[in-house]
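The values are calculated or read from the model by the stated rules, or taken from the named source; none is laboratory data. All values derive from a computational prediction rather than experimental measurement. Note that each Cβ is placed from the backbone with ideal geometry, even for glycine, and that neighbours are counted across all protein chains shown. Accessible surface is based on the protein model in full, side chains and every heavy atom, while ligands, DNA and RNA are left aside. Shrake-Rupley method; radii C 1.70, N 1.55, O 1.52, S 1.80 Å.
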Amino acid sequence: MKRWYMLTVVGADRPGIVARLSETLYHGGCNLGEASMARLGGNFSIMLMAQTDTDIEALRLLLAPLARELNLHVHLDRIEAQLHEHVEPNLRITVSGADRAGIVAEVTGALARAGFNILDLYSDVAGTAAKPIYVMIIDGFAPQGAEALEAALAPLRKTGVDLRLTPLDTLIG
Amino acid sequence: MAILEVLRYPDARLKQVSSAVVEFDERLHRFAADLEATMRASPGCVGLAAPQVNYFQRIALVDVSAKPKLPHNGRMLLINPVILEQHGAVVGREGCLSVPDFTGNVLRAERIVVRSHDLDGAPHEYRCQGYEARAVLHELDHLDGLLFLDRVESPRQDLFRRKNYK
């Protein structure tokens, strides 16, 4: 029976990791599902869904030689998963400001208390080493729409964080 | 009126370029009614182009009037449409009946002027902006065998090219 696994792979970035990883999985009988790769602080990171009829130990053995050769950390989880179950976001929240500890916790805490469900989050530290700026873009679903969130986020604006709420209405044509 | 079958990517017929409508006859009227019935049968759908239902003539239907608080021209049946002007550019999220369960960001003009004909062959000009302009451009792409997949951008690039990127 085919089962889904979530693979998390982390290591020093270099060209060719995705190719080697996906070739190994393909030749090992895996079918890939959704995946997301990001280069974070010079590190390679990917999370990907792989479907196979082998058990988790066999999957571990399949990836072990590659992990050793490229010095990658591989983490495997057996997951319950379905494809074709995307949830469409209805709101984008863009956050920026002088970088400091706590911005993500404060913003996402306020969002969670207001019932907002984060579907996608991207953040970066830009600016210069002396004056770093923090930028975060969150797409998600606000059950009560943008107005309800404005009130929840208002106190944060006073702390010097810039917040912009943009309703998303996906055009279907 | 009939609800027509919608072609789905990767059906190669979606890449076909449609030809101009020449005969403004009873058959065209019947097809336009079927196209509209098919669009109305999909909740939330704001446009449909003839090639999406396996009919390769330059006909598209757009109606964003059900969306709240948007400037719009109501129901627009666009026959042999031509874009006369486009201004500005804005990124927005799109999906398509022909590409189920995938949405992506696409850069489109913010304001357009489009000229087209109606069912009796009379010319009309429409000024569209924002969401409606996006819908028209999305449908007109279908007439040239293009899908939004051909224009989709990485969500990660959004930050760098938002509104009025020229």
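Could you please let me know if A:S22 is without any contact (Cβ under 8 Å) to a residue 40 or more places away in the chain and exposed (fewer than 11 other Cβ atoms within 10 Å of the Cβ)? No. Would you call B:L78 modelled with pLDDT of 95 or more and among the aliphatic types (A, V, I, L, M)? The answer is yes for B:L78.
From the list B:S116, B:S154, B:S98, the one residue that fits, being modelled with pLDDT under 95 and hydroxyl-bearing (S, T, Y), is B:S154.
Would you please name the residue that is farthest from B:A133 (Cα to Cα), looking only at residues in the stretch B:54-66 that are open to solvent by 10 Å² or more (accessible area, probe 1.4 Å) and within 13 Å of chain A (Cβ to nearest Cβ)? So the residue we want is B:A66. Taking the criterion of being in a strand (DSSP E or B), touching a His at 6+ places or on another chain (Cβ under 6 Å) and under 30 Å from A:M136 (Cα atoms), would at least one residue in the stretch A:36-44 satisfy it? Checked against the condition, which is being in a strand (DSSP E or B), touching a His at 6+ places or on another chain (Cβ under 6 Å) and under 30 Å from A:M136 (Cα atoms), the stretch A:36-44 yields no hits at all.
Entry remark, the stretch A:152-168: residues being in contact (Cβ under 8 Å) with a residue 24 or more places away in the chain and farther than 23 Å from B:E94 by Cβ number 9 in total. Are there any pairs, at least 6 apart or on different chains, whose C-beta atoms fall under 8 Å, with the first in the stretch A:103-124 and touching a residue at least 12 places away in the same chain (Cβ under 8 Å) and assigned to a helix (DSSP H, G or I) and the second open to solvent by less than 60 Å² (accessible area, probe 1.4 Å) and not aliphatic (A, V, I, L, M), and if so, which? Between residues of the stretch A:103-124 that are touching a residue at least 12 places away in the same chain (Cβ under 8 Å) and assigned to a helix (DSSP H, G or I) and residues that are open to solvent by less than 60 Å² (accessible area, probe 1.4 Å) and not aliphatic (A, V, I, L, M), the close pairs are A:I103/A:G97; A:I103/A:Y134; A:V104/A:S123; A:L111/A:G140. Of the candidates A:A152, A:A130, the single residue that is open to solvent by 70 Å² or more (accessible area, probe 1.4 Å) and either in a strand (DSSP E or B) or more than 14 Å from every other protein chain (Cβ to nearest Cβ) (or both) is A:A130.
Residues in the stretch A:38-66 that are open to solvent by 20 Å² or more (accessible area, probe 1.4 Å) and under 14 Å from A:V18 (Cα atoms): A:A38, A:R39, A:N43, A:S45, A:M47. Based on what the data block shows, is B:R75 more than 9 Å from chain A (Cβ to nearest Cβ) and either within 23 Å of B:R40 (Cα to Cα) or of a type in the set (D, E) (or both)? When the stated conditions are applied, B:R75 passes them.
Inspect the stretch B:8-25 for any residue being within 14 Å of chain A (Cβ to nearest Cβ) and either open to solvent by less than 30 Å² (accessible area, probe 1.4 Å) or at positive phi (or both) and give the result as yes or no. Checked the stretch B:8-25: at least one residue is within 14 Å of chain A (Cβ to nearest Cβ) and either open to solvent by less than 30 Å² (accessible area, probe 1.4 Å) or at positive phi (or both). The conditions of being outside the structural domain of A:R39 (by TED's automatic domain parsing) and in contact with a Cys (Cβ under 7 Å, 6 or more places away or on another chain) are not met by A:I103. Here B:K69 clears all of (1) touching a helix residue (DSSP H, G or I) at 6+ places or on another chain (Cβ under 7 Å); (2) open to solvent by 40 Å² or more (accessible area, probe 1.4 Å); (3) at pLDDT below 95 except the condition numbered (1). Scanning the stretch B:124-136 for residues that are of a type outside the set (D, E) and either more than 10 Å from every other protein chain (Cβ to nearest Cβ) or surrounded by fewer than 24 Cβ atoms within 10 Å (Cβ to Cβ) (or both) gives B:H124, B:Y126, B:R127, B:C128, B:Q129, B:G130, B:Y131, B:A133. The residue of the stretch A:1-35 that is farthest from A:E80 (Cα to Cα), among those that are among the aliphatic types (A, V, I, L, M) and part of a strand (DSSP E or B), is A:A12. Residue-level check: of (1) touching a helix residue (DSSP H, G or I) at 6+ places or on another chain (Cβ under 9 Å); (2) within 14 Å of chain B (Cβ to nearest Cβ); (3) of a type in the set (D, E, K, R); (4) surrounded by fewer than 16 Cβ atoms within 10 Å (Cβ to Cβ), A:E85 misses just (1). State which residue pairs qualify: first residue touching a residue at least 40 places away in the same chain (Cβ under 8 Å) and more than 7 Å from chain A (Cβ to nearest Cβ) and inside the stretch B:92-108, second residue surrounded by fewer than 22 Cβ atoms within 10 Å (Cβ to Cβ) and acidic (D, E) in any location, beta carbons under 8 Å apart, and separation of 6 or more residues or different chains. Pairs that qualify, where the first residue is touching a residue at least 40 places away in the same chain (Cβ under 8 Å) and more than 7 Å from chain A (Cβ to nearest Cβ) and the partner is surrounded by fewer than 22 Cβ atoms within 10 Å (Cβ to Cβ) and acidic (D, E), are B:S98/B:D11; B:G104/B:E153; B:N105/B:E153; B:N105/B:D158; B:V106/B:E153; B:L107/B:E153.
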